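Notes to accompany the following structure.
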């Protein structure tokens, strides 16, 4: 029989090293997968395309930043919820609704110029995401409905709603009936911060948000409330923290941030609202949050790492005709190995014979 | 044969810690032998060695004159050593006889067997109905079931671990009668306890352990209770006494509070009324599981109460949460330390934040001032002698006694006008318990009110001027201690259960 026994002391070095260890193990496993499926292609060149080429080329590097921004913003919100034990796994849906709400504002002021349009769109996006997450918060606090199910299922509703909007009210009137909105005009487009690339101001917002979140978790009583509710609910009651309020905070924050990421995606790289808005960022952000052990600063790095697998994954699709799921396989393995490493840091495995 | 069990120079180490260091003791036949010591003194280790669940590093034992080294508890039982644990291992949904037969080998449940149970129960005064379901029994009756189960193995030595900690005074004296009969019948008893009065009453010899070492083998009647306690903790005990009982006006009252429990196994509170005056210590006695947890939840404010049922300093506080109640200078120490009064996976400094009065300046506009939190934590650690290497130690890594001192200190440095505390010294060693009691008395002497909910009757009796008893969710009126107070309390504690 195998039993896990808690270690008396956790090694600090191992806690820092385990993400690297997980990455190494992922690479080794990936090597064997490639060896078994690739014909006539050097495994090493695939590896190069997947991991190193994106870092060597300024265009790919910029694409990593483009993809890391929404991942960071969503993961920050999720990590706050996860700390409180509120499992919002439908950030994808809140991202889509936020994207629709923000885009609608941008399209409403189509022929208006103004510095205030973008902030207004951002606010609309945040409110949209918050509203969508509040459905789960309401059902959980009022009727004890599991938030995992509600948020997950509402994701599919959101994607269909996007589709309906693009076939209807938000469709480009002169777009030959393609289910796409008009292309946003300049006042509704995010400023580019790296000339010649798609890297927009959202990346800077994401970094600022990480620092704000770090401060909030470390220095604000709300951060404590969330942490205590997640780790000892009865102690939270003893402290006078209302657990229903914690659920609301957690879902509103994570929903609002997902919504913000949604507008940024529409007003940034896309420049319009299209059916391609949902790109799995909402789900991938769960991996990002856990790879960072829910730490706001760690999320900056894990988001960059996961963004690398996106970009590298696209490159091997193009260069070697490999399927798209390569990216997801990588992300899944990475999370799996990371969680396994973390378990083994906290627990030791003991083998023993059963005594009868 | 002079001794039934001889234990010579037993040593058992865990790493660097010597849990038993060269311990010897001898138990005479037909003798009730006390094993005394604080938590961590090495009592359990020694018992585990005797009962075969631990192998000693060094030393030897003789049982009935022959070398004895049990490989496991089964082996120990085979040779005639039985044990009644502090926590019972009974199936609540089964009957008494079913529970007993399950604990024995090679017997079948038939009329013959039931007869046997009744015989034992008569012989030793263990009043029990074999057909009753264990879930319906009081704690004392469950203990009787455990004892009968042990007796049916015809032991020559019965080990009893803290047998009276959950019993009412009446049940305790019944148990003592049984133990004497057993001893007279040739079964010696190793009686583990920290209740010194009881030990002096029933044991004819005592072995005192401290820090794993043998301190003394003595006859308990030759020493006063205080001398025994001082041998146990290795330092002088401070006598508890109120220097200044100056009760003032009514500060807190509960009026006709009733509450149905949400929990299937919870207790409904019925019509509870109580008032506490400034400068007084009020005690609520009662066996655990009679509504203490439910009452504490309402008092802390984890559940709100209907208007008019709770009032503090003349204002209705029923709908305030615990944080709002603290702003009025009402503070709480719950019974459960880990997970309720403290977050196990957080440092002591972070745990300070669970109890935040406005004036403490731990936060302003919600931003935590970690510098001040650290100062306050250090103050609690030094004022209340909390043994910890740093204020960042996780709550779960502290011993129960140390964490309790921290929790008591955390609330006491706020100088509460009213302190509500459940089981202030549960699982705490005698030295720390003494410190905690002193601190509570000092607080009341300064004019604060204290409400203590405890199942430790000695604690209630030594601290409180006004005593109520909680039984099956109902609270008695204050007991008049001048006329047969103890007997009245005892009857109220048993309630209608037996």
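Between A:54, A:173, A:19, the GNM of chain A built on Cα springs shorter than 10 angstrom shows A:173 fluctuating the most. Each of B:235, B:181, A:140 has some number of other Cβ atoms within 10 Å of its Cβ, and from fewest to most they run B:235, B:181, A:140.
Rounded to the nearest 500, what is chain B's calculated 222 nm mean residue ellipticity when only DSSP H runs of at least 4 contribute -39500 (n - 2.57) each, over all residues? So the helix-based figure for chain B works out to -9500 deg cm²/dmol.
So what is the 222 nm mean residue ellipticity for chain A from helices alone, if each DSSP H run of at least 4 adds -39500 (n - 2.57) and you divide by all residues, rounding to the nearest 500 deg cm²/dmol? Don't jump to the answer; show the numbers that get you there.
Values: 14 runs with 243 residues, N = 356.
The per-residue figure over chain A is -23000 deg cm²/dmol.
Using a cutoff of 8 angstrom between alpha carbon atoms and counting only pairs six or more residues apart, the relative contact order for chain A works out to 35 percent. Which residue, A:180, A:314, A:195, tops the fluctuation ranking in a GNM of chain A built on C-alpha contacts under 10 Å? Of A:180, A:314, A:195, the Gaussian network model singles out A:195 as fluctuating most.
Remark: B:120, A:132, A:59, A:310 ranked as A:59, B:120, A:310, A:132, counting other beta-carbon atoms within 10 Å and listing the fewest first.
Relative contact order of region B:176-329: 14 percent, from C-alpha pairs under 8 Å at least 6 residues apart in sequence. How big is the antiparallel share of DSSP beta bridges in region B:250-494, given as a percent to the nearest 5? Of those bridges, close to 45 percent are antiparallel. Multiplying the residue separation of residue B:392 and residue B:477 by 0.36 nm and removing their Cα-Cα distance gives an extension gain of 26.1 nm. Shape class for chain A, computed from the alpha carbon gyration tensor (a ≥ b ≥ c): oblate, with a/c not under 1.5 and a/b at or below b/c.
What is the calculated FRET efficiency for residue B:132 to residue B:170, with r their C-beta to C-beta distance and R₀ = 22 Å, to the nearest 0.05? E(calc), rounded to 0.05, equals 0.70. Counting only DSSP beta bridges with both residues in the protein assembly as shown, the antiparallel share comes to about 55 percent. Which shape class applies to region A:1-122: rounded if a/c is under 1.5, otherwise prolate when a/b exceeds b/c and oblate if not, where a ≥ b ≥ c are the square roots of the Cα gyration tensor eigenvalues? Oblate is the answer for region A:1-122, as a/c is 1.5 or above yet b/c matches or exceeds a/b.
I need to check one value: relative contact order of chain B, counting alpha carbon pairs closer than 8 Å and at least 6 residues apart, in percent. It rounds to 15 percent for chain B.
Multiplying the residue separation of residue B:60 and residue B:256 by 0.36 nm and subtracting their alpha-carbon distance yields 64.4 nm.
Rounded if a/c is under 1.5, else prolate if a/b is larger than b/c, else oblate: which is the protein assembly as shown, with a ≥ b ≥ c the root eigenvalues of its Cα gyration tensor? Prolate is the answer for the protein assembly as shown, as a/c is 1.5 or above and a/b outweighs b/c. For a paramagnetic label modelled on residue B:304 (point 7 Å from Cα along Cα→Cβ), amide N atoms under 20 Å away belong, within region B:246-286, to B:253-263, B:269.
Extending 7 Å from Cα along the Cβ direction at residue A:156 and again at residue A:293 yields two label points whose distance is 3.7 nm. Once the chain from residue A:16 to residue A:218 is taken as fully extended at 0.36 nm per residue, the excess over their C-alpha distance is 70.8 nm. Against the main long axis of the alpha-carbon atoms of chain B, helix B:139-151 sits at an angle near 20°. Counting only DSSP beta bridges with both residues in region B:5-233, the antiparallel share comes to about 50 percent. Counting every other Cβ atom within 10 Å of each residue's Cβ, A:71, A:107, B:461 order from fewest to most as B:461, A:107, A:71.
Of the residues A:114, A:223, A:128, the one that moves most in a GNM of chain A with alpha-carbon contacts below 10 Å is A:114.
The convex hull built on the alpha-carbon positions of chain B has an orientation-averaged projected area of 24.7 nm².
The numbers here are math on the coordinates, done by the rules we state, and not lab data. The model shown is predicted, which means the values in this text are computed figures rather than measured ones. Ideal geometry is used to build each Cβ from the backbone, glycine not excepted, and the neighbour counts take in all protein chains shown.
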